[in-house]
Amino acid sequence: MKEECGVFGIYNFEADSPAKSVYYGLFALQHRGQESAGIAVSDGKDIRCHKGMGLVNQVFDEKSLSGLKGNIAVGHVRYSTTGSSVIENAQPIVIDTKYGTIALVHNGNLVNSNVLRQELKDKGISFVGTTDSEVLASLIATSIKEKFEEAVTDTLKHCKGAYSIVIMTRDQLIAVRDPNGIRPLCIGKLDKAYVVSSETCALDILGARFVREVANGELVLIDRDGLRSQTWQLEEREALCVFEYVYFARPDSVLHGRNIYETRFHMGKYLAKEHPVEADMVMAVPESGIPAAMGYAAESKIPYEEGLIKNRYVGRTFIQPSQEIRDLGVRLKLNPIRDAVRGKKVIIIDDSIIRGTTSRQIVRLIREAGAREVHMRISSPPNINPCYYGIDTASKAELIAANLSVEGIRKYIETDSLGYLSLKHLVKAISLPGKSLCLACLNGEYPVRIPERLQSLKLFFN
Ligand code: AMP
Ligand code: SF4
């Protein structure tokens, strides 16, 4: 399972039709997943769900939205890289339980889901798809606890890994984060509604006021009496995914009081201090490299210019399954502005190098466009370990920095020079204590132990 997703939920205190609000929320979270989208709504008696493959505006239209009436709703956008791109894995997962029908949406990855799935299968439970989310929903459904809330926390005590989950019953909305808070989740308030979302940019689109983040190990329950909270798991340190800051979250979102754009701008500034080079222009790999490129330009006093234009209608190259399509993907997505780079010494800023495909292709494109020198700067440290917590980077065998030195990578991507931001300065740019971040793909310190079986899988296959 390789998923990184966006989750959204709304509890409206007045009978209203929240499906449209979820639709807008998911629209703002579209960058977190382009493979499938879904919304489930409760009217107090029944839960109705509509989901499908594709972008939010491909899955929903006026007709499908108008069929989703009620006052509570959850929504999901899903992203996965290989294999399991099927409707069975689209969310929300809706199942009947002794607590009534529930709808569940999940962002993250459980590291022990295979064990849990097998245990459930041994008890005679069958599965439609292959996601962790279905495992979570089935575990809740088979709990022996009397109250639904307890069934949820009891289930989570068996789950290891990363999860930000939103669950809806006919009359409640529950938002919960794993003990390390690896994936983000925040709460917002509208006039007559509470909203929960992976990122604050989805609150903004609705005009909702940011209230706070759901804490690591916290469960928040919203029903007609309002919002209440419990800490269901105290002991663990927080370990928010640093890649949310580096790449994944939208620049206009705020995570732990840090605006993503600002943190990326500072990454670029530190990068310029660490790896200066004489050049005529600084340019970005759009769009995730733009804030760091602006920071680099500000610090180095070298002008920022656009050198590559991105076709907005192509999804992220990373979601293409085969190497062949990935190679073509960069050209599909990016085209150089020849007049801007011709004859110049160019610094290109990107947020990360995973397999090296993107950088290699871009360096070639810029050289072919006539650049005299091409220098690559990366606003995060070398990515040397696989992620098991829901951001699919690659297996260790595919991670270029796990297999080559910086000089080896420089040669592979055919650039005149290459510089990575140091871990120290990455953490400084975010201005959160390093201890409260997950940095595992950069330094190997996994906050949740990874079962050996999974480790060997990620070593060789993807
Ligand atoms: P690669 O071509 O494999 O080296 O991929 C590097 C490119 O993928 C960079 O331009 C990044 O912006 C982007 N990237 C980094 N992490 C991810 C991720 N988890 N999902 C999708 N794209 C990513
Ligand atoms: Fe994020 Fe890397 Fe940790 Fe995965 S391993 S959660 S990508 S910081």
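How would you classify region 5-236 from its alpha-carbon gyration tensor, with a ≥ b ≥ c the square roots of the eigenvalues: rounded for a/c under 1.5, else prolate if a/b is greater than b/c, otherwise oblate? Taking the square roots of the gyration eigenvalues as a ≥ b ≥ c, region 5-236 is rounded. Put simply, the amide H of residue 5, placed in the peptide plane, has neighbours under 5 Å in 108, leaving out anything fewer than 5 places away on its chain. Ranked by the mean number of other Cβ atoms within 10 Å of their residues, highest first, the peptides 333-340, 202-209 fall in the order 202-209, 333-340. Histogrammed with a bin width of 5 Å, the alpha carbon distances of region 103-171 distribute as 3, 17, 31, 28, 17, 4, 0 percent, first bin at zero.
Carbon-plus-sulfur accessible fraction, region 92-194 (probe radius 1.4 Å, protein heavy atoms only): 47%. Bridging of residue 269 to lysines at a Cα separation below 22 Å is possible for 301, 344, 345, 424, 428, once same-chain residues fewer than 8 apart are set aside.
Using the Karplus relation 6.51 cos²θ - 1.76 cosθ + 1.60 with θ = phi - 60°, the per-residue 3J(HN,Hα) values for region 247-252 come to 9, 6, 5, 6, x, 8 Hz, with x marking Gly and Pro. Please give the helix 260-274 orientation as an angle from the longest Cα principal axis of the chain, in degrees from 0 to 90, rounded to the nearest 10. Between helix and principal axis, roughly 30 degrees. Computed on the Cα atoms alone, the convex hull of the chain gives a volume of 131 cubic angstrom per residue. In order along region 117-126, phi translates into HN-Hα couplings of 4, 5, 4, 5, 4, 4, 8, x, 7, 10 Hz, rounded to whole numbers, per the Karplus curve 6.51 cos²θ - 1.76 cosθ + 1.60 with θ = phi - 60° and x for Gly and Pro.
When peptides 43-55, 165-177 are sorted by average Cβ neighbour count within 10 Å, with the highest value leading, the order is 165-177, 43-55. What list of ³J(HN,Hα) couplings, whole Hz, do you get for region 17-32 from phi and the Karplus terms 6.51, -1.76, 1.60, once you set θ to phi - 60° and write x for glycine and proline? Values per residue, Gly and Pro as x: 10, x, 4, 5, 4, 5, 4, 5, x, 5, 4, 6, 9, 4, 4, 7 Hz.
For the peptides 394-406, 18-30, what is the packing order when you average, over each peptide's residues, the other Cβ atoms within 10 Å and list the highest mean first?
Taking the mean over residues of other Cβ atoms within 10 Å, the ranking is 18-30, 394-406.
Going by a ≥ b ≥ c, the root eigenvalues of the Cα gyration tensor, does region 347-462 fall in the rounded group (a/c under 1.5), the prolate group (a/b larger than b/c) or the oblate group? Taking the square roots of the gyration eigenvalues as a ≥ b ≥ c, region 347-462 is oblate.
The values are calculated or read from the model by the stated rules, or taken from the named source; none is laboratory data. Since the structure is predicted, the reported quantities are computational estimates derived from the model, not experimental observations. Virtual Cβ from ideal backbone geometry, glycine too; neighbours counted across all protein chains shown. Accessible surface areas use protein heavy atoms only, side chains included; no ligands, DNA or RNA. Shrake-Rupley method; radii C 1.70, N 1.55, O 1.52, S 1.80 Å.
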